[in-house]
Each structure stands twice: as C-alpha cells, then as structure tokens.
Amino acid sequence: MQTVPWSCAWDANNSQYMYAGLQNGMVLQFDRRQTTRPVESMMGLTGNPVHTVHSLTSPTLGDGVRSVLSASSVGLCHWNFGSGNERPCLVPESENQGICISLACGDRNDDIVASFRPKLEISGDMAASQVLPTPVSTMEQAVYGSHVLYRRVGSRYQKLGVSCAKVSGIRLPKTAIIDRGKKNPMFASGDDATMELVLQELPSLNVAQRIKSLNGPVRDVRYARLQNSILLGCLSEDKLLLCSHKLQ
C-alpha cells in the first residue's frame, strides 16, 4: 500500500473482493485470489484519511461495477469501481455539516446515518484532517454535534432528517443501524455526555430507548440477528453490555 490504511470492508456482493481506505484519501480494491497489488486504486477528492468504508449491495450501474460509500472528515463520498476513469463524488449536503466522524449503513444500504461534530480552528498537521485515531486521552469532552439521516436510491442520496447529539470532541465513534425485520430500523450510538447507549427509530430519529448501564463512553456497538431475535453488543471502557430483543 502507498500509505497507512485506516479502514476496510468486504464486498457485499462478492466475497472475493475487499476495499481499503487509506490515510491519503485513496480507496483501493483488492481480490483475495491475487493480493500482490490492488485490482483498482482510486484517488479521493481530498487527502483526508478515509476512516470508514462500506460496500453497497445491489449494484445497478452494469456488469463489473461495484459501489462503495466512504467517510472522511470532509463528508461522505460515493465510489464506482470498474467504471473506467469515473471520479468519486461527494454525497450532497454531507460536506457542510461539520467534521464527519462516523458512518453507519443498514443491511440493505437504503438507510445511512452520518455523525458530525463542529469544525475547529486549528493549525499544523491536524488542520489537514481534523480527526485523530483512537485511543486518545481520557480528558476528552463531549461537544454538540449531529446525526444526519440519508436515503440511498441507486447512486443518489437524499437527506431526510437531522438530530442533535453529544459526541466526542476528538474520537471517531462507532455507530450501527439495526435491521428489525418488519419493524422500522434503529440507529444505535453513544451519548458522550451521559455515557448512555441511545437507540433512535428511523426515519424519524426519535429516541426510543436510553441504556444507562455503561462506564465511560461507547467504544463500539455491533449487532447480530439470531433467528427470531437481535443481539446488540456495546463496548465501553471496561464493560461489554449485551442486550437481546425478540422480533415479531
């Protein structure tokens, strides 16, 4: 690789392929059957580190074209691999929300939630990316930010709503969209002021539940579907919280 990788993801349509987001803003596509070099390398619109990549399901742009959604501090970016010399493009209304610090996609990739914090006036090397890798100092403070909901239709995106949030001033938090079958999906994120796990119903972004039994900020949140139930896992400073929810 040309520089340090910050993120990676398997291809949602073909398990032979994977993607890596780099510190210099590039995204690479690899074939695990031939790993000596990338299948394709694409330059980003900026040199900001790509902290999240998601492979998008159900490509609609022709044979061999595979779509990826990425996030860096400047916002969200849509990439089409295998489409010739096509450049990536910014998702509308994601570049003016602040510093993008997290990205969550639903299982069907229709619902997308990006989290933002305010831009800071800083100098030096930090001004280039305005993000820091974890771990960080325990002196971090929560700041007012936002969660922005987008709906994807093919390669087009529509902004549907915004909710206020208390987010980390320096970390890159992890969030998740929980597919609940016939019910509306849920967005799971951490409240860095109250140290709670917050569940918000989509597309309204109304808070459905706050889980308070955490010690420190939420470091990671994941979920898995187990037959007729959902298992939600939340990792904080020194505790792993597991919650089970039955599907109807």
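With respect to I170, is the statement that it is out of contact with any Gly (no Cβ under 9 Å at 6 or more places or on another chain), at pLDDT below 90 and closer than 24 Å to S7 by Cβ true?
Values: out of contact with any Gly (no Cβ under 9 Å at 6 or more places or on another chain): yes; at pLDDT below 90: yes; closer than 24 Å to S7 by Cβ: yes.
It is true that I170 is out of contact with any Gly (no Cβ under 9 Å at 6 or more places or on another chain), at pLDDT below 90 and closer than 24 Å to S7 by Cβ.
Listed here are the residues, each with its yes/no results for (1) of a type outside the set (S, T, N, Q); (2) under 21 Å from the mean Cα position of the chain (by Cα); (3) part of a loop (DSSP other than H, G, I, E, B).
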position	(1), (2), (3)
H147	yes, yes, no
Q158	no, yes, no
V162	yes, yes, no
N184	no, yes, yes
S189	no, yes, no
Requested in this report: Output yes when any residue across region 140-151 is among the charged types (D, E, K, R), surrounded by 13 or more Cβ atoms within 10 Å (Cβ to Cβ) and modelled with pLDDT under 85, and no when none is.
Outcome: yes
**Report entry** Subset of region 191-234 [within 19 Å of the chain's Cα centre (by Cα), among the hydrophobic types (A, V, I, L, M, F, W, C) and closer than 19 Å to S102 by Cα]
**Finding:** L197, V198, L199, L202, L205, V218, V221, L232, C234
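Assess whether R87 counts as being surrounded by fewer than 14 Cβ atoms within 10 Å (Cβ to Cβ), closer than 15 Å to L22 by Cα and not hydrophobic (A, V, I, L, M, F, W, C). Spell out how you get there, then give the answer.
Numbers: surrounded by fewer than 14 Cβ atoms within 10 Å (Cβ to Cβ): yes; closer than 15 Å to L22 by Cα: no; not hydrophobic (A, V, I, L, M, F, W, C): yes.
Judged against the criteria, R87 is not a match.
The values are calculated or read from the model by the stated rules, or taken from the named source; none is laboratory data. Since we're looking at a predicted model, the values are computed, not measured. Note that each Cβ is placed from the backbone with ideal geometry, even for glycine, and that neighbours are counted across all protein chains shown.
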